[in-house]
Amino acid sequence: MSGTLVSDARLAVIGLGYVGLPLAVEFGKYYPVVGFDISQKRIDALKSGVDSTLEVSSEELAAAKHLRCSCTQADLNDVNIYIVTVPTPIDKHKRPDLTPLIKASETIGKTLKRGDLVIYESTVYPGATEEDCVPVLERVSGLVFNKDFFAGYSPERINPGDKEHRVTTIKKVTSGSTPEVADKVDALYKSIITAGTHKASSIKVAEAAKVIENTQRDLNIALINELAMIFNRMGIDTLDVLEAAGTKWNFLPFRPGLVGGHCIGVDPYYLTHKAQEIGYHPEVILAGRKTNDGMGRYVASEMIKAMLNKCIQIKGSRVLVMGLTFKENCPDLRNTRVIDVINELRGYHVTVDVYDPWVDAAEAAHEYGIDPVRIPEQGGYDGIIVAVSHACFKSMSAEQIRAYGKGSHVLYDLKHIFETGSSDLRL
């Protein structure tokens, strides 16, 4: 425990995914916590000590003595602090989809009582908590905001697959709908966060801080991606350039790549949506998004050109894509942009096999219609793309991976895991 416990706090964490479960487990060591999720399958697995996201071990689950997982509404009756950790995705038109957030607010509204506190952690645009969520709480509960119940916002900072930066070791931004509530929210998180907290001046400030964290990263990666495309045309190795530039003390160590996941590839659209709503067209942010959203097409076209240069017949050729998750060493498939590369290659009538030991085959089939191969065929492929830098791939040599290729094939090292000259292409 980091700080003093908040007396009489009875918590519910709504949404037990990559964000909610680690938080519920940590709070569950010290407070009575209901871990609430709408998936009975998810609840059953957690009760048996299994976390499919691999964020929490069975031992960590067992250590949360005061946590009980449920998908039953009645189990929220005794709660007085709700923490919302549901996904906030975008739709096919790149617009914010607040459906999970609204439904979670409706669920809370059914058991919300006078004096209760609702804290949102889901990434949103500035104003969403008070303008979109609170009215739902008022409508369903019949209570009045900042008189009968209160709200807070403390943006999640979970990094899936990262075993070093955990819930308690990442500094937490907090905020509340009144100064007194802000103090309470801050004290609640301070009681478990060893890295400390930063109390923002308002809920909107905390919301804005979260959404620009990943917008900043998105723009930096977009710059490096554009530089990679320029340097590739000039015959210069991008990684060599970045390593040379990185000898300056204040050069930022970003790398080119596919930008997916539930944060960097999504959060900027929440900010641009709100900006356009208030009459401002955010040109720089959208330009970065356009660059990063187009990287799958660029990777596929570079692969096709390299295959043609080796006189490989494109139509009917076979390409092995190694890695499907949005990042290394985790099973998270949300908003993976590897799918863009796959779809582009299929548009050239290429047969694409996907190999990723981290992926749940049923989830890959459900989300993307992909049936991953269990073991790639030796000598079976005209092209190989190492798309994700899983440790199991990095432990292989270029020669071992080339063994999957035919006598004449192209190896595309998208993640720079091999030394210069070991592959035919690098991003």
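The values are calculated or read from the model by the stated rules, or taken from the named source; none is laboratory data. The shown structure was predicted, so the numbers you read here are calculated from the model rather than taken from an experiment. Please note: Cβ atoms are built from the backbone with ideal geometry, for glycine as well, and neighbour counts cover all protein chains shown. Surface areas here come from the heavy atoms of the whole protein model, side chains and all, with no ligands, DNA or RNA. Shrake-Rupley method; radii C 1.70, N 1.55, O 1.52, S 1.80 Å.
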Requested in this report: Starting from residues that are farther than 15 Å from VAL79 by Cα and hydrophobic (A, V, I, L, M, F, W, C), keep the ones in region 117-136 and report whichever is surrounded by the most Cβ atoms within 10 Å (Cβ to Cβ).
Outcome: VAL124
Query - Boolean, THR53 is touching a strand residue (DSSP E or B) at 6+ places or on another chain (Cβ under 8 Å), in a loop (DSSP other than H, G, I, E, B) and surrounded by 13 or more Cβ atoms within 10 Å (Cβ to Cβ) - result: no
Query raised in the report: So which of GLU164, GLU213, GLU180 ends up being farther than 25 Å from ASP91 by Cα, outside any loop (DSSP other than H, G, I, E, B) and among the charged types (D, E, K, R)?
Result: GLU180
Report task. Can you tell me which residue within region 70-116, out of those that are open to solvent by less than 50 Å² (accessible area, probe 1.4 Å), of a type in the set (S, T, N, Q) and within 23 Å of LYS41 (Cβ to Cβ), is modelled with the lowest pLDDT? Result -> THR88
Report summary line: Residues in region 301-329 that are among the polar types (S, T, N, Q) and in a loop (DSSP other than H, G, I, E, B) total 4
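Just to be sure before I move on: is ILE236 over 19 Å from the mean Cα position of the chain (by Cα) and open to solvent by less than 40 Å² (accessible area, probe 1.4 Å) in the structure I sent?
Criteria not met by ILE236.
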Query raised in the report: Is region 362-371 home to any residue that is within 23 Å of MET396 (Cα to Cα) and open to solvent by less than 30 Å² (accessible area, probe 1.4 Å)?
Result: no
Query raised in the report: Among (1) open to solvent by 10 Å² or more (accessible area, probe 1.4 Å); (2) out of contact with any strand residue (DSSP E or B) (no Cβ under 7 Å at 6 or more places or on another chain); (3) not hydroxyl-bearing (Ser, Thr, Tyr), where does ALA64 come up short?
Result: (1)
Query - Candidate set from region 196-210 (those that are touching a helix residue (DSSP H, G or I) at 6+ places or on another chain (Cβ under 7 Å) and not in a loop (DSSP other than H, G, I, E, B)); member that is most open to solvent (accessible area, probe 1.4 Å) - result: LYS199
Query raised in the report: Mind checking whether some residue in region 161-174 is without any contact (Cβ under 8 Å) to a residue 60 or more places away in the chain and farther than 30 Å from VAL388 by Cα?
Result: yes
**Report entry** Cross-chain or 6+ apart pairs with Cβ under 8 Å, region 288-317 first and within 17 Å of HIS349 (Cβ to Cβ), then of a type in the set (Phe, Trp, Tyr) and surrounded by fewer than 21 Cβ atoms within 10 Å (Cβ to Cβ)
**Finding:** ALA300/TYR348; ILE304/TYR348; ILE314/TYR348; LYS315/TYR348
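Residues that are free of Cβ contacts under 8 Å to residues at least 12 places away in the same chain, open to solvent by 50 Å² or more (accessible area, probe 1.4 Å) and farther than 26 Å from LEU324 by Cβ: does region 258-275 have at least one?
No, region 258-275 contains no residue that is free of Cβ contacts under 8 Å to residues at least 12 places away in the same chain, open to solvent by 50 Å² or more (accessible area, probe 1.4 Å) and farther than 26 Å from LEU324 by Cβ.
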Report task. Report whether or not ARG346 is under 29 Å from the mean Cα position of the chain (by Cα), modelled with pLDDT under 95 and open to solvent by 40 Å² or more (accessible area, probe 1.4 Å). Result -> no
Query raised in the report: Would you pick out the residues in region 379-427 that are small (Gly, Ala, Ser), closer than 17 Å to THR325 by Cα and either surrounded by 22 or more Cβ atoms within 10 Å (Cβ to Cβ) or free of Cβ contacts under 8 Å to residues at least 12 places away in the same chain (or both)?
Result: ALA387
Report task. Hey, can you tell me all the residues within region 156-180 that are crowded, with 19+ Cβ neighbours inside 10 Å and either farther than 30 Å from LYS327 by Cβ or β-branched (Val, Ile, Thr) (or both)? Result -> ILE158, VAL167, VAL173, THR174, GLY176, SER177
**Report entry** Cβ-Cβ under 7 Å pairs, at least 6 apart or on other chains, region 217-230 side within 16 Å of LEU425 (Cβ to Cβ), far side assigned to a helix (DSSP H, G or I)
**Finding:** ASN225/THR291; ASN225/ASN292; ASN225/MET295; ALA228/THR238; MET229/TYR298
